[in-house]
1. Considering only residues that are of a type outside the set (Ser, Thr, Tyr) and open to solvent by 10 Å² or more (accessible area, probe 1.4 Å), which ones fall in region 9-19?
2. List the pairs whose first member sits in region 153-180 and is away from the ligand (no atom under 12 Å from the Cβ), whose second member is among the small types (Gly, Ala, Ser), and whose Cβ atoms are under 8 Å apart, counting only residues at least 6 apart or on separate chains?
3. For region 6-38, how many residues are in contact with a Ser or Thr (Cβ under 9 Å, 6 or more places away or on another chain), under 14 Å from residue 201 (Cα atoms) and more than 10 Å from the ligand (Cβ to nearest atom)?
4. Of the residues 110, 166, which single one is within 15 Å of the chain's Cα centre (by Cα) and modelled with pLDDT under 95?
5. Between residues in region 1-30 that are touching a residue at least 60 places away in the same chain (Cβ under 8 Å) and residues that are in a helix (DSSP H, G or I) and among the β-branched types (Val, Ile, Thr), which pairs lie under 6 Å by C-beta distance while being six or more apart or on different chains?
6. Could you check region 1-34 and list, in sequence order, the residues that are of a type in the set (Ser, Thr, Tyr), within 8 Å of the chain's Cα centre (by Cα) and in a loop (DSSP other than H, G, I, E, B)?
7. Determine which single condition residue 81 fails, assuming it passes every other condition in (1) among the polar types (S, T, N, Q); (2) surrounded by fewer than 17 Cβ atoms within 10 Å (Cβ to Cβ); (3) more than 23 Å from residue 205 (Cβ to Cβ); (4) touching a residue at least 24 places away in the same chain (Cβ under 8 Å).
8. Spot the failing condition for residue 58; the list is (1) within 12 Å of the ligand (Cβ to nearest atom); (2) modelled with pLDDT of 95 or more; (3) surrounded by 19 or more Cβ atoms within 10 Å (Cβ to Cβ), and only one is missed.
Amino acid sequence: MIIAVDGPTASGKGTISKALAGHFGLPHLDTGLLYRAVGRQVALNGGDADNAADALAACDFPESLLADDVLRSEGSGSLASRASVHPQVRQALFERQRAFAQQAGGAVLDGRDIGTVIVPEADAKLFVTASVQSRAVRRHAEMVGRGESATLEEIEADLARRDARDMNRMDAPLVPAKDAMIFDTTHFDKDEAIAAAIEAVNARLSG
Ligand code: DC
């Protein structure tokens, strides 16, 4: 069983994916972390995330980087969004994601193009979204919890910029797959969103 979860930053897709993986007993891959590692590695190399050759060279990041908390920062998210525009980078990360999806027993993957490009044959596809204002409030609370400082306005502007870049890029833009279930979490708390996602996936699997 393969479950594909796509959606913009801070929509709740990570939380929902982890909960689905736990509920269905499947391994989970946060594909955004791979792009974040590329973005971070570009910076460590002294390169430019907007430059395709620099971004491609950073796809050789060491595995240990994936465990680095710095990948959770807004700075790494922004670098990831810029590095992920390049088709060469998407191609370099494709096989790894595809192999994870195809392991025996199945998997849950979350990202931007899982249902459209990585596993178009997934058994259930969720497109998780929420208003930019509510996503900014959530991200702000997470950042405050980590002791990072930023105003709500700055975060909202950054999310809007990131959404525009992710949705308008030429290669694998952020769009719902035709057969995705659209899932708006704006008015849901965490437990409600998880319960509704499990119900939606069960309905799709039995339908
Ligand atoms: O989900 P996230 O915020 O960790 O993702 C960071 C950036 O990585 C996002 O702005 C775009 C890129 N990304 C992507 O292009 N494709 C994916 N499957 C996952 C993330």
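1. Within region 9-19, 10, 12, 13, 14, 18, 19 meet the criteria.
2. Close Cβ pairs satisfying both conditions: 155/136; 156/136; 176/115; 177/4; 177/115; 179/115; 180/4; 180/115.
3. Number satisfying all stated conditions: 1.
4. On the way: 110 fails: modelled with pLDDT under 95.
Criteria check complete, one pass: 166.
5. 4/114; 6/114; 19/194; 23/198
6. Across region 1-34, the qualifying residue is only 9.
7. With respect to (1) among the polar types (S, T, N, Q); (2) surrounded by fewer than 17 Cβ atoms within 10 Å (Cβ to Cβ); (3) more than 23 Å from residue 205 (Cβ to Cβ); (4) touching a residue at least 24 places away in the same chain (Cβ under 8 Å), residue 81 is out only on (2).
8. Answer for residue 58: the failing condition is (1).
The values are calculated or read from the model by the stated rules, or taken from the named source; none is laboratory data. The structure presented is a predicted model; accordingly, all values stated were derived computationally and were not measured. Cβ atoms come from the backbone with ideal geometry, glycine included; neighbour counts cover every protein chain shown. With ligands, DNA and RNA removed, areas are computed over all heavy atoms of the protein, side chains included. Shrake-Rupley method; radii C 1.70, N 1.55, O 1.52, S 1.80 Å.
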